[in-house]
Amino acid sequence: MRRLTAVAEADLEDWLLDNFVELGATGYTSLPCSGAGRSTLQNERSAASPMVRIEIVTPQATSEKILAFLGMKVLPEHAVTACVEAVDVARRDHLSVSLDDRQTVKPG
């Protein structure tokens with residue numbers, strides 16, 4: 001299993017989450033935070049802005065799809081930091097879903 005963590009501008013949260021779920025995420029944790037990236041620090045020094053930290057624990061294949069989405073659709077336009085790490089989980093069966101289950105359960 002993999003934990004994908006993405007930190008982005010707060011106004012991207014709903015759009016990112018919709019796409020992450022569409023790409024196979026079966027759940028997520030989203031936390032408000034603040035921060036400043038390299039370009040902000042170079043230009044404004046201390047201007048922290050509202051951000052969101054999203055964490056998803058998912059099979060490796062799903063994390064790779066999400067990273068590809070970020071690389072192709074998000075990073076060219078937005079400053080987002082994303083990383084993936086290998087994790088062990090206590091209830092692995094709760095973090096995986098079959099294709100049949102995804103077709104019958106709609107988020108929202």
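Identify the single condition in (1) assigned to a helix (DSSP H, G or I); (2) exposed (fewer than 14 other Cβ atoms within 10 Å of the Cβ) that Leu70 does not satisfy, given that it satisfies every other one.
Of the numbered conditions (1) assigned to a helix (DSSP H, G or I); (2) exposed (fewer than 14 other Cβ atoms within 10 Å of the Cβ), the odd one out for Leu70 is (2).
Which residue is nearest to the chain's Cα centre (by Cα), if the candidates are limited to segment 73-86 and must be part of a loop (DSSP other than H, G, I, E, B) and surrounded by 12 or more Cβ atoms within 10 Å (Cβ to Cβ)? Outline the logic, then answer.
The first filter runs over segment 73-86 and keeps only residues part of a loop (DSSP other than H, G, I, E, B), leaving 75-80.
Adding the requirement that they be surrounded by 12 or more Cβ atoms within 10 Å (Cβ to Cβ) leaves 75, 78-80.
Values: Leu75: 13, His78: 14, Ala79: 13, Val80: 10 Å.
Among those residues, the one meeting the criterion is Val80.
If a residue must be farther than 16 Å from Val7 by Cα and not aliphatic (A, V, I, L, M), how many such residues does segment 37-87 contain?
Result for segment 37-87: 11.
Applying the selection to segment 8-54, what residues are crowded, with 18+ Cβ neighbours inside 10 Å, farther than 22 Å from Asp93 by Cα and β-branched (Val, Ile, Thr)?
Selection gives Val52 alone.
For segment 4-58, how many residues are aromatic (Phe, Trp, Tyr) and part of a loop (DSSP other than H, G, I, E, B)?
Residues meeting the conditions: 1.
We did not get these values from a lab; they are worked out from the coordinates using the rules stated. Treat the numbers as computed from the prediction; the structure is a model and nothing was measured. So basically every Cβ, Gly included, is an ideal-geometry build from the backbone, and we count neighbours across all protein chains shown.
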